[in-house]
1. I need the full set of residues from segment 89-116 which are within 23 Å of L40 (Cβ to Cβ) and in contact (Cβ under 8 Å) with a residue 24 or more places away in the chain, in order please.
2. Go through A126, A120 for me and flag whichever is exposed (fewer than 14 other Cβ atoms within 10 Å of the Cβ), without any contact (Cβ under 8 Å) to a residue 60 or more places away in the chain, part of a helix (DSSP H, G or I) and small (G, A, S).
3. Test each condition in (1) in contact with a Cys (Cβ under 8 Å, 6 or more places away or on another chain); (2) over 30 Å from H131 (Cα atoms); (3) among the small types (G, A, S) for S16 and report the one that comes out false.
4. May I ask you to list the residues in segment 104-117 that are surrounded by 11 or more Cβ atoms within 10 Å (Cβ to Cβ) and either of a type in the set (S, T, N, Q) or closer than 30 Å to Y36 by Cβ (or both)?
5. So, in segment 66-108, exactly how many residues are modelled with pLDDT of 85 or more and either under 12 Å from the mean Cα position of the chain (by Cα) or not in a loop (DSSP other than H, G, I, E, B) (or both)?
6. Do we find a residue being in a helix (DSSP H, G or I) and in contact with a His (Cβ under 6 Å, 6 or more places away or on another chain) anywhere in segment 47-58?
7. Going by the structure shown, is F92 under 19 Å from D37 (Cα atoms) and surrounded by 16 or more Cβ atoms within 10 Å (Cβ to Cβ)?
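The values are calculated or read from the model by the stated rules, or taken from the named source; none is laboratory data. Predicted model, so just to flag it, every value in this text is computed and none were measured. Every residue, glycine as well, gets a Cβ built from its backbone with ideal geometry; the counts of neighbours run over all protein chains shown.
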Amino acid sequence: MLGIPSPEALLASLSSRYSNPVKVGAGGMGVVYKVYDTQLQREVAVKMALLSGGGDLDELRKRFLREARALARLSHPNVVPVFDVVAGPLPFYTMPFLHGESLDTRRSSKMPLPEKYRVALEVTSALEHAHSRGCSTAT
């Protein structure tokens, strides 16, 4: 699509700041890469909006930026903090890169019942925190 770089093209253009990209996940609204932040000398995750699908591109950008702003307002042990957001043609934000399994992978494994309860409590605690600060899917 004209005027919208691919995530790979954007990462290439940012290679002086973010190097060694490795795609670690993708969902309906974005794609996440593990990169090395050469300025701060640490691994970070970069989440980029996927704007290639149908629909209103301006609305998709606004939704993605609302997500980044909502996360940036939260401070909770079970919510990843946002380091920075860039609202360009392909918006992205950076956050810590967390090593380990995804919740989806953990959920599909044979977790003992007490661990399932612990994970459920952590998730609901984070959701309660987000909602108490006015962050929701409508944010």
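1. At the first step, the residues of segment 89-116 found to be within 23 Å of L40 (Cβ to Cβ) are 90-100.
If the condition is that a residue be within 23 Å of L40 (Cβ to Cβ) and in contact (Cβ under 8 Å) with a residue 24 or more places away in the chain, then L90, P91, F92, Y93, T94, M95, P96, F97, L98 are the ones that fit.
2. On the way: A126 fails: exposed (fewer than 14 other Cβ atoms within 10 Å of the Cβ).
Testing whether each residue is exposed (fewer than 14 other Cβ atoms within 10 Å of the Cβ), without any contact (Cβ under 8 Å) to a residue 60 or more places away in the chain, part of a helix (DSSP H, G or I) and small (G, A, S) leaves just A120.
3. (1)
4. At the first step, the residues of segment 104-117 found to be surrounded by 11 or more Cβ atoms within 10 Å (Cβ to Cβ) are 106-107, 111, 115-117.
R106, R107 - these are the residues of segment 104-117 that are surrounded by 11 or more Cβ atoms within 10 Å (Cβ to Cβ) and either of a type in the set (S, T, N, Q) or closer than 30 Å to Y36 by Cβ (or both).
5. The total comes to 23.
6. Our first condition is that a residue be in a helix (DSSP H, G or I); within segment 47-58, this holds for 57-58.
Next, from what is left, pick out any that are in contact with a His (Cβ under 6 Å, 6 or more places away or on another chain): none.
Among the residues of segment 47-58, not one is in a helix (DSSP H, G or I) and in contact with a His (Cβ under 6 Å, 6 or more places away or on another chain), which makes the answer no.
7. Numbers: under 19 Å from D37 (Cα atoms): yes; surrounded by 16 or more Cβ atoms within 10 Å (Cβ to Cβ): yes.
Judged against the criteria, F92 is a match.
One line per residue, one yes/no per condition, for (1) exposed (fewer than 13 other Cβ atoms within 10 Å of the Cβ); (2) more than 25 Å from E101 (Cα to Cα); (3) out of contact with any helix residue (DSSP H, G or I) (no Cβ under 9 Å at 6 or more places or on another chain):
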residue	(1), (2), (3)
L11	no, no, yes
G30	no, no, no
Y33	no, no, no
Q39	yes, yes, yes
L50	no, no, no
E59	yes, yes, yes
